[in-house]
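Report on one structure; see the data block that follows.
The values are calculated or read from the model by the stated rules, or taken from the named source; none is laboratory data. Being a predicted model, the structure only gives us computed values, none of them experimental. In this analysis, Cβ positions are derived from the backbone assuming ideal geometry, glycine residues included, and neighbour counts consider all displayed protein chains. Protein only, heavy atoms only, side chains kept; ligands, DNA and RNA dropped before computing areas. Shrake-Rupley method; radii C 1.70, N 1.55, O 1.52, S 1.80 Å.
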Amino acid sequence: FLALGWASWKTYLARPDTDQCRVLSLSVLGRALLKSRPRDALPVLEETVALRRRYWWHHEENILAAQGSLSVCLSQLGRREESVVLLREVYARTVALRGAGHINAVGSGLALVTTLNKLQMRDEANLVLREQLPAAQKALGNDHDMTLMLNEARAGILFYTPECTRDEPRLNQH
């Protein structure tokens, strides 16, 4: 995947910043670097977000996808506080654009909950889960991978939060 990313970037490098193929190849390179070299991916992903905001501001879903990749990179580099700021924005905008049950909203909600859990911000993670889990169950079903991962995150919150009890209302009864 990395070789494909570099080949794509080299092919379109000479084109102007406003060329859609150039920014797409930059995005492919950034995601390829993210797999094995997140430190090298960071400036590439930051530039991808900047170009999408500057020239394709009206394609909000593409900007959100680029921000999502950047937040993953920040998290992998241990910069989770910065990552969670981006994830909150991505989640809120995706829900506003597509609704809480859309698969992109479920995915961004899951990423947000996971990062919040890593930062031990379980109260906020629980709030996101209270919105997201019923929406995911309704839209995707109880057996979908993302629904199962949201349930796993919920179990982790309950396990690590001593004030939660077995009597707490079940989320899947909404």
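Key figures for this structure:
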{"read-out": "Proximal charge balance of GLU61 [Cβ under 11 Å; K/R count +1, D/E count -1]", "value": "+2"}
{"read-out": "Extension reserve of the ALA96-LEU158 stretch, reckoned as 0.36 nm per residue once the Cα distance is removed", "value": "19.5 nm"}
{"read-out": "For the chain, Kirkwood radius (reciprocal of mean inverse C-alpha pair distance, Å)", "value": "17.2 Å"}
{"read-out": "Degrees between helix 2-12 axis and first principal axis of the chain (Cα, 0 to 90, nearest 10)", "value": "50 degrees"}
{"read-out": "Packing rank of 16-28, 110-122, where each peptide gets the mean count of other beta carbons within 10 Å, highest leading", "value": "110-122, 16-28"}
{"read-out": "Options TRP56, GLN67, THR94, ranked by Cα towards positive dipole end of the chain, top entry (Cβ charges)", "value": "TRP56"}
{"read-out": "Where N is the number of residues in the range 113-164, Cα Rg divided by 2.2 N^0.38 Å", "value": "1.09"}
{"read-out": "Convex hull volume per residue for the range 71-123, taking Cα atoms only, in Å³", "value": "66 Å³"}
{"read-out": "Helix axis angle, 103-118 relative to the chain longest principal axis, alpha carbon, degrees", "value": "70 degrees"}
{"read-out": "Calculated FRET value between LEU13 and ARG39, using beta carbons and R₀ = 22 Å, to 0.05", "value": "0.55"}
{"read-out": "Cα gyration tensor category, rounded, prolate or oblate, for the range 37-120 with a/c compared to 1.5", "value": "oblate"}
{"read-out": "The chain, accessible area per residue, ligands and nucleic acids excluded (1.4 Å, Å²)", "value": "56 Å²"}
{"read-out": "Dipole magnitude (debye, nearest 20) for the chain, charges at Cβ of Lys, Arg, Asp, Glu", "value": "440 debye"}
